[in-house]
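These notes are about the structure you will find just below.
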Amino acid sequence: MDDKALIELAKQARAHAYAPYSGFAVGAAALSADGRVFLGCNIENASYGLTNCAERTAIFSAIAAGAKELVALAVVADGEQPCSPCGACRQVVAEFAVKRIILANLAGKSRVVTAEELLPYAFSLDNNKT
Ligand code: THU
């Protein structure tokens, strides 16, 4: 599956966003090494802090379905620039070592980044054990 097709799937997932509080809909699509694609959207809550971002919805769905290796993650929102993941999602992207992260907007702008570029010095128990 190429980046364009993965972005298209993320756009479709975005249509399911539940974002009555922010009005900002985000979609994501995670591609597993075995070719499966897992979709995610942001899911907000009246208790705002419980909101789950599109990226984490997609990644958690992939892991829950047994995906072992995520080779790409596309994220799409309707901003001027390609959608850039929040800090919590960056830590989750780092945890599962997602190989390529494709940031995109609805206007067709996109860029590809690595987990390391998104979150240098990510927290890990390995580098924090005493
Ligand atoms: N959001 C995402 O789903 N992914 C991002 O990369 C940035 C932010 C969501 C969280 C919240 O529902 C809304 O966008 C506004 O912050």
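The values are calculated or read from the model by the stated rules, or taken from the named source; none is laboratory data. Everything quoted here is computed from the prediction, not taken from an experiment. Reconstructed Cβ throughout: ideal geometry from the backbone, glycine too, with neighbour counts over all protein chains shown. Note: areas computed on protein heavy atoms with side chains; ligands, DNA, RNA excluded. Shrake-Rupley method; radii C 1.70, N 1.55, O 1.52, S 1.80 Å.
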Leading residue by the ranking (nearest to the ligand (Cβ to nearest atom)) among those in region 18-34 that are buried (at least 18 other Cβ atoms within 10 Å of the Cβ) and in contact (Cβ under 8 Å) with a residue 40 or more places away in the chain: VAL26
Selection count where residues are within 25 Å of SER110 (Cα to Cα) and either part of a helix (DSSP H, G or I) or of a type in the set (Gly, Ala, Ser) (or both), scope region 46-77: 12
Single residue of VAL98, VAL112 found to be in contact (Cβ under 8 Å) with a residue 40 or more places away in the chain and open to solvent by 60 Å² or more (accessible area, probe 1.4 Å): VAL112
Candidates LEU6, LEU50, filtered to the one that is crowded, with 19+ Cβ neighbours inside 10 Å and more than 9 Å from the ligand (Cβ to nearest atom): LEU6
